[in-house]
Amino acid sequence: MHILILGGTGFIGSAVMRRLASDGHAVTGLARTVAQARARWPQAQWIAADLAELQTAESWRLHLDGFEIVVNCAGALQDGLVDDLAASQQNAMLALYETVKTSGIRRIVQISARVDGGGADLPFLATKRRADTALAESGLPFVILRPALVVGRNAFGGTALLRALAAFPFVQPLIHAESPVETVDVEDVASAVALAVEGAIPSGSDLELAAAERLTLAATLALHRRWLGLAPAPTVVVPAILGRAVTALADLAGRFGWQSPLRSTAMTVMEGGVTRRNDGEPAPFALRTLAETLAAHPAGVQDLWFARLYLMKAPVIVTLSLFWLLSGLVPLADVERAASHLLPLLPPAAATAATLLSCLLDVTLGICVLLRPLARRALLGMLAVTALYLAAASVVEPALWLDPLGPLVKVLPSALLTLTGLAILDNR
């Protein structure tokens, strides 16, 4: 069958695409950016589109022609610079359902969540609940799947955070350490989607996907720590005031486009636990426990590196931003003195203009690196400007390389930090 997978580049969506393709289906992934996915998996078809812009039946009709099944794996945690939950998780879905009524789509498979637990009134779950309700009332053939905490070989969002906290040195810092957690293997989610696509799960089904095991968040973290090959460590409960400060910073980062799993929505949901409804309809097959999932994918050194570096991304980006902002602002306190370094090459007026231009460039790079959509270009710009500054300084004042305070030598670690930022910038 020809299947359109919304969010095909995501953690769940990519697993669903692999499974359905291995079953012999013709799969097409739809996501905001598909260049990297197309390079990694050229044999699949890809459509670049933003769900937040697909708000009418007319806009959807362009993308649905020729498909028989739509699998919705798309989702976002919280509103931010690049995410609009009402537009992408609710309005886009309502427009999709209207379009499907007059198209050749035979079934919609929706990956949702438990929408009546902790944080039920937050936009993340409220928009999903409205979309699910509308789908159930639409008269269309559908299957809704509600996975618990999804784990697998790869990691993103909450599962990435679990690995990072599990690799924390000496202790395991936790908020809501005793909250109940149920998990489901991402491959089991993909298997459930495959059954729904084949019709083995009846239309109108609303299934809970969670292994028959309930752990505390602390126990979940301990299993991940053991999987990484690290010695057990005591759990340290993070004080509430510190936890609120962290989530406030994460929410602020979200406004700049950074999709941190430490945002307030995730913390509110985790406070109530990630579990299935007691009266929920179970999966039609046995689901692997967390221990079984981790055992099926032994950790390598790359997993340990990822876990240790994950929490370093924010400090790296903030440090680079402050470094470039200060390097652009400090010379403004004495522009004449700063411009004097350029006098061997330029007349006074031109030296002053060049100094002010370099300050503006530094401040611009320091601001742009904080904006997630611009971060990669800002980091590349930092490397280019650093090389330019070093070359110019070597011509104007080569003796600075031997200066005891090392003003030029100290620039090299910042370039290395920039390369580190580029190396760990990608989320998936």
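The values are calculated or read from the model by the stated rules, or taken from the named source; none is laboratory data. Predicted, not measured: the structure shown is a model, and the values here were computed from it. Quick reminder, even Gly has a Cβ in these numbers, built from the backbone with ideal geometry, and neighbours come from all protein chains shown. Remember, those area values only see protein heavy atoms, side chains included, never the ligands or the DNA or RNA. Shrake-Rupley method; radii C 1.70, N 1.55, O 1.52, S 1.80 Å.
Does the stretch 203-220 contain at least one residue that is surrounded by 19 or more Cβ atoms within 10 Å (Cβ to Cβ), assigned to a loop (DSSP other than H, G, I, E, B) and not basic (Lys, Arg)? So far as the stretch 203-220 goes, yes, one or more of its residues are surrounded by 19 or more Cβ atoms within 10 Å (Cβ to Cβ), assigned to a loop (DSSP other than H, G, I, E, B) and not basic (Lys, Arg).
Of everything in the stretch 339-355 that's touching a residue at least 24 places away in the same chain (Cβ under 8 Å) and of a type in the set (A, V, I, L, M, F, W, C), which residue is least open to solvent (accessible area, probe 1.4 Å)? Ranking the candidates gives Leu342 first.
Among the residues of the stretch 269-285, those identified as out of contact with any helix residue (DSSP H, G or I) (no Cβ under 9 Å at 6 or more places or on another chain) and open to solvent by 30 Å² or more (accessible area, probe 1.4 Å) are Glu271, Gly272, Arg276, Arg277, Asn278, Asp279, Glu281, Pro282. Against the criterion of being farther than 29 Å from Arg226 by Cα, hydroxyl-bearing (Ser, Thr, Tyr) and out of contact with any strand residue (DSSP E or B) (no Cβ under 6 Å at 6 or more places or on another chain), Thr265 does not qualify. Say whether the condition of being under 22 Å from the mean Cα position of the chain (by Cα) and modelled with pLDDT under 95 is met by at least one residue in the stretch 287-298. Within the stretch 287-298, one or more residues are under 22 Å from the mean Cα position of the chain (by Cα) and modelled with pLDDT under 95. For the stretch 120-145, give me each residue that is more than 11 Å from Gln90 (Cα to Cα), modelled with pLDDT under 95 and either within 22 Å of the chain's Cα centre (by Cα) or basic (Lys, Arg) (or both). Of everything in the stretch 120-145, those that are more than 11 Å from Gln90 (Cα to Cα), modelled with pLDDT under 95 and either within 22 Å of the chain's Cα centre (by Cα) or basic (Lys, Arg) (or both) turn out to be Ala120, Leu122. Here Ile108, Ile47 are screened, and the one residue that is more than 22 Å from Gly158 (Cα to Cα) and either open to solvent by 10 Å² or more (accessible area, probe 1.4 Å) or in a loop (DSSP other than H, G, I, E, B) (or both) is Ile47. Counting just the residues of the stretch 224-249 that are at pLDDT below 95, assigned to a helix (DSSP H, G or I) and touching a Leu at 6+ places or on another chain (Cβ under 7 Å), which one comes out nearest to Leu81 (Cα to Cα)? Step by step, filter the stretch 224-249, then rank; the result is Thr247. Of all residues assigned to the stretch 317-324, at least one qualifies as being over 24 Å from the mean Cα position of the chain (by Cα) and either farther than 30 Å from Ala218 by Cβ or surrounded by 13 or more Cβ atoms within 10 Å (Cβ to Cβ) (or both).
Which residues, taken from the stretch 223-237, are more than 18 Å from Phe306 (Cβ to Cβ) and open to solvent by 40 Å² or more (accessible area, probe 1.4 Å)? Break it down into steps so the answer makes sense when it comes.
Residues of the stretch 223-237 more than 18 Å from Phe306 (Cβ to Cβ): 231-237.
If the condition is that a residue be more than 18 Å from Phe306 (Cβ to Cβ) and open to solvent by 40 Å² or more (accessible area, probe 1.4 Å), then Ala231, Pro232, Pro234, Thr235, Val236, Val237 are the ones that fit.
Selection of first residues in the stretch 323-336 that are touching a residue at least 40 places away in the same chain (Cβ under 8 Å) and at positive phi and of second residues that are surrounded by 13 or more Cβ atoms within 10 Å (Cβ to Cβ) and in a helix (DSSP H, G or I), restricted to Cβ pairs under 9 Å at least 6 apart or on distinct chains, gives an empty result. Would the stretch 7-27 turn up any residue that is in contact with a Phe, Trp or Tyr (Cβ under 7 Å, 6 or more places away or on another chain) and without any contact (Cβ under 8 Å) to a residue 60 or more places away in the chain? Within the stretch 7-27 (the criterion being in contact with a Phe, Trp or Tyr (Cβ under 7 Å, 6 or more places away or on another chain) and without any contact (Cβ under 8 Å) to a residue 60 or more places away in the chain), the answer is no, since none of the residues qualifies. Give me the residue from the stretch 401-414 that is open to solvent by less than 40 Å² (accessible area, probe 1.4 Å) and of a type in the set (A, V, I, L, M, F, W, C) and, out of that set, nearest to Leu320 (Cα to Cα). Checked the stretch 401-414; the qualifying residue nearest to Leu320 (Cα to Cα) is Val411. Any residue at all in the stretch 52-62 that is closer than 20 Å to Pro373 by Cα, in contact with a strand residue (DSSP E or B) (Cβ under 6 Å, 6 or more places away or on another chain) and not in a loop (DSSP other than H, G, I, E, B)? Taking every residue of the stretch 52-62 in turn, none turns out to be closer than 20 Å to Pro373 by Cα, in contact with a strand residue (DSSP E or B) (Cβ under 6 Å, 6 or more places away or on another chain) and not in a loop (DSSP other than H, G, I, E, B). Taken together, the residues in the stretch 111-132 that are part of a helix (DSSP H, G or I), hydrophobic (A, V, I, L, M, F, W, C) and over 18 Å from Ser205 (Cβ atoms) amount to 3. Reported count of residues in the stretch 25-39, each being assigned to a helix (DSSP H, G or I), farther than 25 Å from Gln78 by Cβ and touching a helix residue (DSSP H, G or I) at 6+ places or on another chain (Cβ under 9 Å), is 0. Of the candidates Arg377, Arg428, the single residue that is closer than 26 Å to Lys313 by Cα, open to solvent by 30 Å² or more (accessible area, probe 1.4 Å), modelled with pLDDT of 95 or more and basic (Lys, Arg) is Arg377. If I go through the stretch 18-38 residue by residue, how many of them are open to solvent by 80 Å² or more (accessible area, probe 1.4 Å) and over 17 Å from the mean Cα position of the chain (by Cα)? Counting residues in the stretch 18-38 that are open to solvent by 80 Å² or more (accessible area, probe 1.4 Å) and over 17 Å from the mean Cα position of the chain (by Cα) gives 3.
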